[in-house]
1. Kindly establish whether Thr159 is in a strand (DSSP E or B) and over 14 Å from Leu91 (Cβ atoms).
2. Looking at region 193-212 only, could you name the residues that are more than 19 Å from Arg183 (Cα to Cα) and loosely packed, with under 13 Cβ neighbours inside 10 Å?
3. Restricted to region 156-171, and to residues that are surrounded by 15 or more Cβ atoms within 10 Å (Cβ to Cβ) and out of contact with any helix residue (DSSP H, G or I) (no Cβ under 9 Å at 6 or more places or on another chain), which residue is modelled with the lowest pLDDT?
4. Considering only region 6-29, how many residues are under 26 Å from Pro44 (Cβ atoms) and surrounded by 14 or more Cβ atoms within 10 Å (Cβ to Cβ)?
5. Taking into account only those residues within region 173-187 that are aliphatic (A, V, I, L, M) and part of a loop (DSSP other than H, G, I, E, B), which is nearest to Thr82 (Cα to Cα)?
6. Within region 5-23, which residues are over 24 Å from the mean Cα position of the chain (by Cα) and either among the hydroxyl-bearing types (Ser, Thr, Tyr) or not in a helix (DSSP H, G or I) (or both)?
7. In this structure, does Val38 turn out to be closer than 27 Å to Leu140 by Cα and not assigned by TED's automatic domain parsing to the domain that holds Thr115?
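The values are calculated or read from the model by the stated rules, or taken from the named source; none is laboratory data. Since we're looking at a predicted model, the values are computed, not measured. Backbone-built Cβ (ideal geometry, glycine too); neighbour counts: all protein chains shown.
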Amino acid sequence: MNRTYTHPSVLNGIAAGASWADPEMDPTRIDWTARRAVAAIPFPLVDGRPVNPAAPTGIRYGRNELGHWGEAQAADAIVTATDSDGDRWLLLIERDDNHGWALPGGHVDPGETPTAAAFRELTEETGLVANPTDPWVTTLPARVVPDPRASDEAWMVTTPVHIDLRHGFRILPDVTGADDARRADWLPADDYDCLLTHLDVLHGGRLFAAHRDLIADALTH
């Protein structure tokens, strides 16, 4: 079944002139030549409409909860630290939209690199300031994420940036949730199962669906 759906919040955003919501209601009238030229991951058009390269999502037409048509680019900070006992920790934030705990991150602003966006979002959401020129910073390839807000015509692509802080911490750096984050916290993360267990025990929380595979990969490699 080709379900059609756009969340009311998107329509409200359009009515309010929000910058995150494309005002155009018909995606066939968008200049896809320009948008595809700057896309992080190539995507097809079918009858002039964009198609999520990771489709299907269950919503064939419309934007679901995302304001744009086609690809939107984000960047996420994978911040790890090792304590003096040799245990690894991962920095997570609790999102303010009830989608769970996630990596600090957000949209890449016009003219901004994904790496710069990841560091900016990290500071805005947790208060942690890191140095993008440090040798332990690695910008990873962009990837489509299974965002629960996406549709077959509106999706998220993120560029993960791994920031591995120095080893031997007796006390981990202070973090505080701000901006789009209700809370920020360091979670034990020697492996993925360890992270899930401690997230449940410490916060009764779950991981943001879009970041589950990304975090699992990061903690494995």
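1. yes
2. Of all residues in region 193-212, those more than 19 Å from Arg183 (Cα to Cα) come to 193-194.
Passing the criteria: only Asp193.
3. The initial filter retains those residues of region 156-171 that are surrounded by 15 or more Cβ atoms within 10 Å (Cβ to Cβ), namely 156-165, 169.
From the residues that got through so far, the ones that are out of contact with any helix residue (DSSP H, G or I) (no Cβ under 9 Å at 6 or more places or on another chain) too are 157, 164-165, 169.
On the way: Val157: 98, Asp164: 93, Leu165: 91, Phe169: 85.
That would be Phe169.
4. Residues of region 6-29 under 26 Å from Pro44 (Cβ atoms): 6-7, 10, 14, 20-29.
Keeping just the survivors that are surrounded by 14 or more Cβ atoms within 10 Å (Cβ to Cβ) gives 6-7, 10, 14, 21-22, 27.
Matching residues across region 6-29 total 7.
5. Among those that are aliphatic (A, V, I, L, M) and part of a loop (DSSP other than H, G, I, E, B), it is Val175.
6. If the condition is that a residue be over 24 Å from the mean Cα position of the chain (by Cα) and either among the hydroxyl-bearing types (Ser, Thr, Tyr) or not in a helix (DSSP H, G or I) (or both), then Ala16 is the only one that fits.
7. yes
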